[in-house]
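Below: the structure, in C-alpha cells.
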Amino acid sequence: MPVIRHRTAPNPDGCRWCGVQAGNHGRRYVSSHGMHTWERPTNAQRLARMRARRTNRKEN
C-alpha cells in the first residue's frame, strides 16, 4: 500500500488514496496512485487513522 504523508491524520472516512472526504473529492491526483476518484478506505486504514487522531489529541 502506498504511503501518503499528512500534517494531521486524515478523517477516518476519507479517500483510501488521499484522505479527502467524499463530498469534496471529485477526481484527484496523487503521485503514489495517480488520477483517481474517491474510494472507501480499508478497515485497517480507518483504524490507523482513528488511532493517529486520538494520539494527536492527547499530545495537544
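The values are calculated or read from the model by the stated rules, or taken from the named source; none is laboratory data. Keep in mind that what you see is a predicted model, and the values were worked out from it rather than measured. Glycine gets a Cβ as well: all are built from the backbone with ideal geometry, and neighbour counts include every protein chain shown.
Those residues that are in a loop (DSSP other than H, G, I, E, B) and either in contact (Cβ under 8 Å) with a residue 60 or more places away in the chain or not polar (S, T, N, Q) (or both), I need them from region 15-32; list them, please. If the condition is that a residue be in a loop (DSSP other than H, G, I, E, B) and either in contact (Cβ under 8 Å) with a residue 60 or more places away in the chain or not polar (S, T, N, Q) (or both), then CYS15, ARG16, TRP17, CYS18, GLY19, VAL20, HIS25, GLY26 are the ones that fit. One residue stands out in region 33-60 among those that are surrounded by 11 or more Cβ atoms within 10 Å (Cβ to Cβ) and outside any helix (DSSP H, G or I): the one that is modelled with the lowest pLDDT, namely HIS33.
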